[in-house]
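Remarks on the structure that follows.
The values are calculated or read from the model by the stated rules, or taken from the named source; none is laboratory data. Given the structure is predicted, the values throughout are model-derived calculations rather than measurements. Virtual Cβ from ideal backbone geometry, glycine too; neighbours counted across all protein chains shown.
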Amino acid sequence: MLLLASASARRTELLDLINIKHKVVKQDFDESSIIENDPIECSKLIVKGKNQSARSLLNDKDLEYPVLTADTLVFSTDKKIYGKPKNYEANIAMLKEFSGKEHSVFTSVMITTKEKIVTKTCETRVAFCEMSEEEINDYVYSDDGLEKAGGYGIHGPAGKFIAKINGSYTNVVGLPVYETYELIKGIQRS
């Protein structure tokens, strides 16, 4: 059994797809408290904070199980981190910046037990096609991107704007499956 400290339905679905038995648990870490500009370090600090928060909220029985936390963020080639858009205007601005360009998606995954901590960060390069203003507006006002890092979900309607990816598709969805499975195997062996 694995405890997933994430409200992301996509992460739950991905764990289900690879037959990892898990239970969703709470964490209350404030991601905005991290002000690191390096995307890898930022992502690692967020997963660490989420993991510590989740473990502090667990009862003694649940502390016997490994706790998995993950954080996905989007980083442009001009060194800008894109979180989840707060409103339609922010979502439109993000997609205009991505249109016809490439950006990186980083996901850090951390699994902890009482004795062990393992972490892995995965990067995927994503290239968007040129999008018209109408296409951007139609997508944004569908509400699909508001709760997603970078303001889009590759696994939904925004997938039609993705010209190319270099790296893990599931990383862009929110949980790099291969890397996560390798971490789980490593924890189970110890």
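PRO176 passes every criterion in (1) out of contact with any Cys (no Cβ under 7 Å at 6 or more places or on another chain); (2) in contact (Cβ under 8 Å) with a residue 60 or more places away in the chain; (3) surrounded by 16 or more Cβ atoms within 10 Å (Cβ to Cβ); (4) over 18 Å from SER76 (Cα atoms) apart from (1).
Conditions tested, residue by residue: (1) under 14 Å from ALA9 (Cα atoms); (2) hydroxyl-bearing (Ser, Thr, Tyr); (3) modelled with pLDDT under 95.
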position: ASP138; (1), (2), (3): no, no, no
position: GLU147; (1), (2), (3): yes, no, yes
position: GLY156; (1), (2), (3): yes, no, yes
position: LYS160; (1), (2), (3): no, no, no
position: THR170; (1), (2), (3): yes, yes, no
position: LEU175; (1), (2), (3): yes, no, no
position: GLU179; (1), (2), (3): no, no, no
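Looking across region 70-117, the residues that are over 30 Å from ARG189 (Cβ atoms) and of a type in the set (Ser, Thr, Tyr) come down to SER76, THR77, TYR82, TYR88, SER99, SER104.
For region 86-101, the criterion of being touching a residue at least 40 places away in the same chain (Cβ under 8 Å), aromatic (Phe, Trp, Tyr) and assigned to a strand (DSSP E or B) is met by none of the residues. Annotation: of all residues in region 119-145 being within 16 Å of GLY156 (Cα to Cα) and in contact with a Pro (Cβ under 8 Å, 6 or more places away or on another chain), the one that is surrounded by the most Cβ atoms within 10 Å (Cβ to Cβ) is GLY145.
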